[in-house]
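Participant: Okay, here's the structure, questions in a sec.
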Amino acid sequence: MSDPIDLDECANEPIHIPGSVQPHGILLVLEPGGFRVEQVSANAAGILGIEPSELLGVSFLERVDPAARDGVAKLIREAASTYVNPFRVPVMTPAGRIVFDGIAHLLDDSATILELERCPAGQDDGSPTDGLDNYLQLIQRSLGKISGIRDIAGISQLMAEKVRGFTGFDRVMVYRFAPDFHGEVIAESAAEGMESFLGLHYPASDIPPQARALYLKTQVRLLQDVDAEPAVMVPAARPRTGKVLDMSRAVLRSMSPIHLQYLRNMEVGASLTLSLVIDGELWGLIACHHRTPRFVSYGIRATACLYATVMSAQLGVKQRSLEDQQAAAARRTALRLLTGFKDYADLEGSFAEALPDFIELFSADGAAVVSDREVLARGSVPRDQVLVQALGQLSSWQEEGLFLSHHTVQDFPALAADLPKAAGVVAINLGESAWLMIFRDEALQTVTWAGDPAGAKSRDDQGRLAPRLSFAAWQETVRHQSLPWGHGVVALTTEIRSGIVELVRKRNLVLERSNHELRRFAGIMAHEVKNQLQAATMALALVRGERGPQLDGGLAQIVDLGVDSLSGLSKFIGEMLDFARADSISDAEDIEFAELASQVVDQLTVGGRVEGTAIQIETLPRVRGLKTQLFHLMSNLVRNALVHARVGAQPLEIRIGSEVRDQIGTVVYVQDNGRGIDASDQQRIFDYFYRSGQSGTGGSGIGLAFCAQIAQRHGHRLWVEPGPAGGASFCFTVTPAG
Ligand code: BLA
């Protein structure tokens, strides 16, 4: 859902009523050397019958039963370094001797906080009759049970039941945080007649960040009575510093008024909250509610805290082992899929063939391989145009090679243009600019909130933030999102991605090797042919030189033609040799492409090849490249059109031109109005030695493959597409000059 609550405002909410404590106990600030009282909560007067003014500035030990004085002094001193809490503190009061639970912690070098707690009259504190040992046994038994439980929900349910069992609260819930810190009640144990909150969601602002940060440090909090009037400290500020006392670790700390009101609105009279921390992060809470005020002793709280800590570790182990299992399954699946690929020279092709497998594997609705060359799609996918546009943005995730979202409207708007398609996407880079994309359609989902979360914005009559009044289940329909991908898919995606990195590495190795072989082969061939050619050229030259005057005009012309074409061939072979040797395009120069094109046409005209054909040269750019090779490329393409395109007696028209295309750049094309190229041939005509069945016009089968290589050499591509006049349009990208 969109964030309806002003989180920032809640983040500024003070975490407790400054300088005040819950009134069922007394908080004292003691100077460490002599235990002189520096501050004391005002309710000492009511509980002890001693005014704060009588306690201040005097050693607290004077009020302790003399028989216990030395022991208490020792324990307070040790509270800083060992676990002594709680310890018994018998206090002598005007009304007699009262025994308290003492809880001490070191505030800083100059002060110790001592808190005195006692079960308020008339309240069952659920204290164990036989000591805490029973509780430790309970933990042990709970741990024994856990190995039989398979999932997080099961462990959580066990925790809710056990914690209710030994705290006696009316409703105990396990509340789990989502990554955005909203939360859900995932387990619950409740007394008869208690409303159930199981399955309800709560917005993140219900437990703002400053509160969550504190709950990482203090793992158990008791709120004994929502309606109890807090007791102030006397004096209000610390005499040494002039500042309000830091109570973040005090067990009697009063709670934030907004949270108290929240609990009242929920009809809760007392609460006990335990932190569930996994790997140093707040994973969730065990939240206990009681209809009426309820006190549980420090001993029970500490046991509950120990229980929560041990169980958090168990949850962590379970969570990790589930994740490991999913990751292992993902690894097996990815391996099976990727090792099934036969052709890693053509990765995109292999992935395109496997699209149905990917759709199934990811429980998706569609999938596509998208590159700047082509879009190969299956199932429910957005239009090609949308995919190509998305490609541009995907390049910003090239480094990670991965992108996942179940909410593209928000995370990847360019892709969400065809909703309900592609509401969710997993994109995996296939090397360079090609991506495998897997799509899920929009799935309408309902989330049940505890009350309309927007109600959290409400304010009281003084304009202060107030919690919402109603927690009645409130249904929100979530739109424009797919089902979330889940941890298993994330693991699978990572596995596939690393498999691909390996495949790409292998493919490059294979390509490099085959390029190398090809060049070696071309070199040897050209060398052989050149030697033979030289002999033939020399033979003809001899005929002309020696017999020149005797040859009649016709014969002389034939010999000339022979010499010309042999020397043309020889030049071509020479260039092929150069090509075989050339490893860089360091000799690139700026070329007027219009000039180059008309030279090509002139040469073909002189050779008598263009008769009956109209060749039109349109505006062409200045480009950077190797002149002889680009000349060959053009010459081959025009010759190819002249030879292959002609249909019967229809006059052939060839147009040479250029245009700038989105995402692709400057493209030069050679278009004809001829018979066109079958879709099934459009890839293969660029293979070495491939001859189309339809042509029947001969040809070496090298020309176009060679052209494609020349284009590649320049870092460009050559492809064929249907031309506007019905024939074929051979296109290649060029680098515009400077
Ligand atoms: C604290 N809010 C909390 C706490 C819980 C919740 C568990 C911790 C209380 C403790 O540790 O004792 C919320 N309680 C819940 C939820 C359930 C529950 C979700 O039982 C589900 C079953 N609260 C608001 C708004 C604000 C707000 C709008 O509703 C802010 C403007 C603030 N919540 C708020 C603050 C605290 C808090 C400031 C800290 C309380 C404290 O520790 O002093």
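The values are calculated or read from the model by the stated rules, or taken from the named source; none is laboratory data. Treat the numbers as computed from the prediction; the structure is a model and nothing was measured. All Cβ positions, glycine included, derive from the backbone under ideal geometry; neighbour counts span all protein chains shown. Heavy atoms of the whole protein, side chains included, go into the accessibility calculation; ligands, DNA and RNA do not. Shrake-Rupley method; radii C 1.70, N 1.55, O 1.52, S 1.80 Å.
Participant: Hey, got the dipole for segment 511-581? About the Cα centre, +1 on K and R Cβ, -1 on D and E Cβ, debye to the nearest 20?
Facilitator: Numbers: 8 positive and 9 negative charges, 46 e Å.
Rounded to the nearest 20 debye, it is 220 debye.
Participant: Now a separate question. Amide H neighbours of Ile654 under 5 Å, at least 5 residues apart or on other chains, H built in the peptide plane: list them.
Facilitator: Counting only residues 5 or more places away or on other chains, the set is Ala614, Ile615, Gln616.
Participant: Could you give me the ³J(HN,Hα) list for segment 169-184, computed from phi with Karplus coefficients 6.51, -1.76, 1.60 and θ = phi - 60°, whole Hz, x at Gly and Pro?
Facilitator: With the stated coefficients, segment 169-184 comes to 6, 6, 9, 10, 10, 9, 10, 10, 7, 8, x, 8, 6, 6, x, 9 Hz.
Participant: Just going by the charge dipole of segment 18-117, with Lys and Arg at +1 and Asp and Glu at -1 on Cβ, which of Phe100, Leu56, Ile113 is farthest out on the positive end?
Facilitator: Phe100
Participant: Okay, next question. Just flag the trypsin sites (Lys or Arg not before Pro) in segment 325-385 sitting in loop per DSSP whose Cβ has no more than 14 other Cβ atoms within 10 Å. Each step should come with its number before you reach the end.
Facilitator: On the way: sites: Arg331, Arg332, Arg336, Lys342, Arg373, Arg378, Arg383; in loops: Lys342, Arg373, Arg383.
Counting only loop positions with at most 14 other Cβ atoms within 10 Å, the trypsin sites (Lys or Arg not before Pro) in segment 325-385 are Lys342, Arg373, Arg383.
Participant: Would you calculate, for the chain, the mean residue ellipticity at 222 nm contributed by helices, counting each DSSP H stretch of 4 or more residues as -39,500 (n - 2.57) and dividing by all residues, to the nearest 500? Intermediate results must be reported in sequence, preceding the final value.
Facilitator: On the way: 18 runs with 277 residues, N = 738.
Computed ellipticity for the chain at 222 nm equals -12500 deg cm²/dmol.
Participant: Starting from the amide H of Thr218, placed 1.01 Å from N in the peptide plane, find each other amide H under 5 Å away whose residue is 5 or more places distant or on another chain.
Facilitator: Here nothing satisfies the definition.
Participant: If you don't mind, another one. Multiplying the sequence separation of Arg624 and Ser248 by 0.36 nm and subtracting their Cα-Cα distance, what value in nm do you get? Kindly include the intermediate steps, with their values, before the conclusion.
Facilitator: Numbers: separation 376, 0.36 × 376 = 135.36 nm, distance 7.04 nm.
Length difference between fully extended and current span is 128.3 nm.
Participant: Charges at C-beta only: +1 for Lys and Arg, -1 for Asp and Glu. How large is the resulting dipole of the chain about its Cα centre, in Debye rounded to 20?
Facilitator: On the way: 68 positive and 89 negative charges, 273 e Å.
Charge dipole of the chain: 1320 debye, to the nearest 20.
Participant: Separation between the Asp180 and Arg291 pseudo-spin-labels, each 7 Å from Cα along Cα→Cβ, expressed in nm?
Facilitator: 3.6 nm
Participant: Sticking with this one: Taking 0.36 nm per intervening residue step and subtracting the Cα-Cα distance, what contour gain separates Ser395 from Gln650 on full extension? Numbers along the way, then the final one.
Facilitator: Numbers: separation 255, 0.36 × 255 = 91.80 nm, distance 4.66 nm.
Fully extending the segment from Ser395 to Gln650 adds 87.1 nm.
Participant: Hey, if you put +1 on the Cβ of every Lys and Arg and -1 on every Asp and Glu Cβ in segment 615-687, which of Asn636, Val647, Val660 ends up farthest toward the positive end of that dipole?
Facilitator: Asn636
Participant: Right, something else. What is the extension gain from Asp602 to Ser53, computed as 0.36 nm multiplied by their sequence separation minus the C-alpha to C-alpha distance, in nm to one decimal? Before the final figure, lay out the partial values.
Facilitator: Details: separation 549, 0.36 × 549 = 197.64 nm, distance 11.37 nm.
Result: 186.3 nm gained on full extension.
Participant: Mind ranking 632-645, 234-247, 24-37 by how tightly packed they are, going by the mean number of other C-beta atoms within 10 angstrom, highest first? Mind dumping the intermediate values first?
Facilitator: On the way: 632-645: 22.2, 234-247: 14.5, 24-37: 20.2.
Output ranking for 632-645, 234-247, 24-37: 632-645, 24-37, 234-247.
Participant: How much accessible area per residue does the chain have, counting only protein heavy atoms and a probe of 1.4 Å, in square angstrom? Kindly include the intermediate steps, with their values, before the conclusion.
Facilitator: Details: 35560 Å² over 738 residues.
Accessible area per residue, the chain: 48 Å².
Participant: Within the set Lys318/Lys421; Lys74/Lys162; Lys74/Lys217, which residue pairs have Cα atoms separated by over 28 Å?
Facilitator: With Cα atoms farther than 28 Å apart: Lys318/Lys421; Lys74/Lys162.
Participant: Report relative contact order for the chain in percent, whole number only (criteria: Cα-Cα under 8 Å, sequence separation at least 6).
Facilitator: Numbers: 1287 pairs, mean separation 65.0, N = 738.
Dividing the mean separation by the residue count of the chain yields 9 percent.
Participant: Between Ala121 and Val501, what is the spin-label point distance in nm, taking each point 7 Å from the Cα along the Cα→C-beta axis?
Facilitator: Modelled inter-label distance: 7.1 nm.
Participant: Just to verify a number: FRET efficiency for Asp384 and Leu216, C-beta to C-beta distance, R0 = 51 Å, to 0.05? Could you put the intermediate results ahead of the total?
Facilitator: Details: r = 50 Å, r/R0 = 0.97.
Using R0 = 51 Å, I get an efficiency of 0.55.
Participant: Hey, another quick one. For a quick protection proxy, order the peptides 426-439, 40-53 by their average other-Cβ count within 10 Å, most packed first. Walk me through the intermediate numbers first.
Facilitator: Details: 426-439: 22.6, 40-53: 19.0.
Ranking the peptides 426-439, 40-53 by packing returns 426-439, 40-53.
Participant: While we're on this one: Please report the spacing between the Cα centers of segment 498-523 and segment 459-490 in Å, no decimals.
Facilitator: Comparing the Cα centres of segment 498-523 and segment 459-490, I get a distance of 53 Å.
Participant: With label points built 7 Å along Cα→Cβ from the Cα atoms of Ala73 and Thr477, find their separation and express it in nm.
Facilitator: According to this spin-label approximation, the distance is 7.4 nm.
Participant: Follow-up question, since we're still on this one. Which order do peptides 561-569, 194-202 fall in by mean Cβ count within 10 Å, highest first?
Facilitator: Working: 561-569: 14.3, 194-202: 16.7.
Top of the packing list down: 194-202, 561-569.
Participant: Just need the relative contact order of segment 589-733 here, percent rounded to a whole number, with Cα pairs under 8 Å and 6+ apart. Write down the numbers at each step before the final one.
Facilitator: Details: 250 pairs, mean separation 32.7, N = 145.
So the answer I get is 23 percent.
Participant: Find the centroid of the Cα atoms in segment 379-404 and in segment 22-67, then give the distance between the two in whole Å.
Facilitator: 69 Å
Participant: Moving on. For segment 68-194, what does the relative contact order come out to in percent, with C-alpha contacts under 8 Å and a separation of six or more? List each step's numbers first, then the result.
Facilitator: Details: 140 pairs, mean separation 16.4, N = 127.
13 percent.
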